[in-house]
Amino acid sequence: DLEWEKEMMKLLGEEVVVFDMATREKLSKDYYWYSPVLDNRLKDNKPADGVALPRNEEEVAAVLAFGYRYQIPVTVRGAGTGNYGQAVPLQGGIVLDLSRMDRILEIGEGFARLQCGVRLGVMDKTAREAGQEIRIYPSTYVKATVGGFVSGGSGGIGSITYGNLWDGNVLEAVVYTMEETPKRLVVAGKELYDYIHNYGTTGIMTEVTIPLAPRTEWVQVIAQFPSFEQSMRFSEALAKDGAIHKRLISPMEWPVPSYFTPLSKVIESDMAAVMLEIADGLLPEVEVLAQSYGGHIGHVIESEKYRKTIGVSDFTWNHTTLWAMKTDATLTYLQAGFNLGSYMEQMDLIKKQFGDEVLFHFEWIRSGGNVTPTCLPLVFYKSEERLYEIIGYFESIGVKIFDPHTWVLDNGGRGEVGSMERRKRQNDPQGLLNPGKINYVM
Ligand code: FAD
């Protein structure tokens, strides 16, 4: 019973503030257990001291001003599906849960303006009813919020056409600073780089405007190949083919497809599989292309069934890892960027070094306009030392690693964080926003 807790209750009321242990514990966790390294470090982390569930911007600003006055850390949260421990309040304080702010404010031609707690699945359904659709979304779209995706994710289904979050997939954001009197900023253009994938360290987003694409009818396909090399060559050709509109190209080496138990009747044994979403009517072209690389079209889900059954995308991106972990709890994964010009050689070297300790799963994307083979390889986890030995080897042959076993922004998927640190000093002068997630000098 800290003094500030009574003050906070007085200020915001029991509609907004929650102190019970069960809620605090639940909302102080995310999917960090996904990583054996993070699980080890975070499973005994103490929960937040209190939870705020604001219903509008005014209440968000009130929580931030309150935290500033009493110097209490504030860790913001969407749905908590992030898997790097991003939403875990390392130093206690307040968890600011934005899931109640879930109004779709405006859908216009080519854009949607949303409160941050809108779930991406709800958004896509609504957009599709209006003849449009989201351009990119994570495989967790059913639960994930738009604010959590922009602040803690990177890309997903659709990234093969539209790139990741940094490629124009956020148009504008409303951001609150953590100062004595929080400022309401409307951020657009280049400045957005200081907020995309920031883990809520440089400001609290309350509203986001995202671009929409015209609605496409998607056919879901599993293409099968005798070898993984063939599936990769096919995938590269399809990725580069501008005439075939697609949303997903995910090649996986055997036995990865064997982990997808709901598909066991339709997956072919000892074959590499490529999970695809392609625009209706283009299957004949894709079939010819698959055949030219020694493969064929296996399972097909017609466009009428899109989102009405479990889809192929439910086995891609980081969901591939989830199905693998369900089959064998010793599996974990990495995030890696291979070179377009030499990925075959890089794959060969890795196989020679590690054999089936590393299993390949790629996601083809367009990054900064360029077709890029990104990889979420599965790794049989032996120890932290061994994992970092594998990471070291990847890096030694020119494969870039975006480490999914750290909650520190500087070491993860974000890349250079210099301008974000400057922004943090401006927007959060007391260093109270999600402390511990970014290394910086105050
Ligand atoms: P949360 O986990 O609640 O938050 C994520 C981070 O953003 C936290 O640091 C939080 O503090 C911060 N944050 C949340 N809301 C705000 C806000 N309004 N303002 C400022 N900061 C905020 N990610 C991908 O990019 N692509 C994938 O395909 C993908 N697949 C996944 C599959 C699985 C099985 C799992 C477990 C995770 C996957 N993820 C993926 C990670 C994660 O699910 C997504 O990034 C998701 O969009 C996060 O949304 P969320 O609402 O759950 O965010």
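Quickly run through the range 286-299 and pick out the residues that are farther than 18 Å from residue 228 by Cβ and either in contact with a Gly (Cβ under 8 Å, 6 or more places away or on another chain) or surrounded by 15 or more Cβ atoms within 10 Å (Cβ to Cβ) (or both). If you could, list the steps in order and put the result at the bottom.
In the first step, residues of the range 286-299 are kept if they are farther than 18 Å from residue 228 by Cβ; the result is 286-288, 299.
Those that are farther than 18 Å from residue 228 by Cβ and either in contact with a Gly (Cβ under 8 Å, 6 or more places away or on another chain) or surrounded by 15 or more Cβ atoms within 10 Å (Cβ to Cβ) (or both): 286, 287, 299.
Table: residues versus (1) surrounded by fewer than 19 Cβ atoms within 10 Å (Cβ to Cβ); (2) part of a helix (DSSP H, G or I); (3) within 16 Å of the ligand (Cβ to nearest atom).
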position	(1), (2), (3)
202	no, no, yes
205	no, no, yes
208	no, no, yes
213	yes, no, no
219	no, no, no
224	no, no, no
237	yes, yes, no
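Scanning for something farther than 23 Å from residue 206 by Cβ, polar (S, T, N, Q), surrounded by fewer than 21 Cβ atoms within 10 Å (Cβ to Cβ) and out of contact with any strand residue (DSSP E or B) (no Cβ under 6 Å at 6 or more places or on another chain), does the range 62-71 turn up at least one residue? Give the steps one after another, and end with the answer.
Let us first name the residues in the range 62-71 that are farther than 23 Å from residue 206 by Cβ, namely none.
No, because not a single residue in the range 62-71 is farther than 23 Å from residue 206 by Cβ, polar (S, T, N, Q), surrounded by fewer than 21 Cβ atoms within 10 Å (Cβ to Cβ) and out of contact with any strand residue (DSSP E or B) (no Cβ under 6 Å at 6 or more places or on another chain).
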Conditions first: (1) under 27 Å from residue 420 (Cβ atoms); (2) buried (at least 24 other Cβ atoms within 10 Å of the Cβ); (3) not aromatic (Phe, Trp, Tyr). Residue 183 passes all but one, so which condition is the exception? (2)
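Yes or no, residue by residue, for (1) crowded, with 24+ Cβ neighbours inside 10 Å; (2) within 25 Å of residue 373 (Cα to Cα); (3) within 6 Å of the ligand (Cβ to nearest atom):
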| residue | (1), (2), (3) |
| --- | --- |
| 113 | no, no, no |
| 122 | no, no, no |
| 136 | yes, yes, no |
| 139 | no, yes, yes |
| 143 | no, no, no |
| 153 | yes, yes, yes |
| 157 | yes, yes, no |
Give all pairs with beta carbons closer than 9 Å in which a residue from the range 413-442 that is more than 16 Å from residue 71 (Cα to Cα) meets a residue that is part of a helix (DSSP H, G or I) and within 11 Å of the ligand (Cβ to nearest atom); count only pairs at least 6 apart in sequence or on separate chains. 417/409; 420/409; 437/409; 438/409; 439/409
Inter-residue pairs, beta-carbon under 8 Å, first within 14 Å of the ligand (Cβ to nearest atom) and in the range 82-110, second in a strand (DSSP E or B) and of a type in the set (D, E, K, R), 6+ apart: 87/77; 95/77; 96/77; 97/77; 98/77; 99/77; 102/119
Under 6 Å between Cβ atoms, which residue pairs at least 6 apart in sequence (or on different chains) link something in the range 13-29 that is in the same structural domain as residue 91 (by TED's automatic domain parsing) with a partner that is surrounded by fewer than 17 Cβ atoms within 10 Å (Cβ to Cβ)? 17/9
Sort through 433, 409 and tell me the only one that's of a type outside the set (Ser, Thr, Tyr), surrounded by 22 or more Cβ atoms within 10 Å (Cβ to Cβ) and at pLDDT below 95. 409
Residue that is surrounded by the fewest Cβ atoms within 10 Å (Cβ to Cβ), among those in the range 272-285 that are in contact (Cβ under 8 Å) with a residue 60 or more places away in the chain and within 25 Å of the chain's Cα centre (by Cα): 279
Quick check on the range 322-371: of everything there that is under 18 Å from the mean Cα position of the chain (by Cα) and more than 29 Å from residue 33 (Cβ to Cβ), which residue is modelled with the lowest pLDDT? 368
Single match in 158, 168 (criterion: under 30 Å from residue 216 (Cα atoms), of a type outside the set (S, T, N, Q) and out of contact with any helix residue (DSSP H, G or I) (no Cβ under 9 Å at 6 or more places or on another chain)): 158
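The values are calculated or read from the model by the stated rules, or taken from the named source; none is laboratory data. Just so it is clear, the model here is predicted, and its values are computed rather than measured. Every residue, glycine as well, gets a Cβ built from its backbone with ideal geometry; the counts of neighbours run over all protein chains shown.
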